[in-house]
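The values are calculated or read from the model by the stated rules, or taken from the named source; none is laboratory data. Bear in mind the structure is a predicted one, so any value in this text is a computation, not a measurement. Here Cβ is always computed from backbone atoms with ideal geometry, including for glycine, and neighbour counts include all displayed protein chains. Note: areas computed on protein heavy atoms with side chains; ligands, DNA, RNA excluded. Shrake-Rupley method; radii C 1.70, N 1.55, O 1.52, S 1.80 Å.
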Amino acid sequence: YALTIDYGRQHLSDVLLSCPGFDPKIPTLYLLEGVSYYLTPDSMKHFFQDVYSLICKAPPNERDQSRVFFDHLVDLPRLIAANNDKPAAKMLEVFEKFEPLQAFLDYDQVEPYMKALGYAVVEQLTPPTMYEPFQTARNPDFHMKSSPYFGIVVVAKYLSLIHI
């Protein structure tokens, strides 16, 4: 499903559970792409908590098969303040005119942030690792430029991943 949700007024779980055919007992990929940085930090946290509650509805042997995929922006205001990062300042300025950026997560914050919410990071891609597969030795002139400000993360509910 592709859903339209007002995260300030609706809970993802309420919307999904009202969709015909959605079954939280079936392993699911929850995709939050191009959205996390527009959410308030509280809304982003509630999104992950809401997904966690949906994953917990699955039988224990199915829970560790669900995944959450999201992209994020590094802390642009911090980069601007610490390094006078001009591209970050321009990016923030442009977005302020249309859709203000609100939530940021630096690469080294992803794992502790997600762990505090009950998730284990399955895969974290930073710009060099995201674009490396697209570089080719056959064409040395080809180089895909990446933004140093975005990251991609895949997480799973971590308690069910710990097998004792």
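Before moving on, here are some points about what is shown:
- Index of the failed condition, residue 64 passing every other in (1) without any contact (Cβ under 8 Å) to a residue 60 or more places away in the chain; (2) of a type in the set (Asp, Glu); (3) open to solvent by less than 50 Å² (accessible area, probe 1.4 Å): (1)
- Within segment 86-123, being of a type in the set (Asp, Glu) and open to solvent by 30 Å² or more (accessible area, probe 1.4 Å) holds for 93, 96, 99, 108, 111, 123.
- The set of residues in segment 8-45 that are of a type in the set (Ser, Thr, Tyr), open to solvent by 40 Å² or more (accessible area, probe 1.4 Å) and either assigned to a helix (DSSP H, G or I) or farther than 21 Å from residue 152 by Cα (or both) comprises 18, 38.
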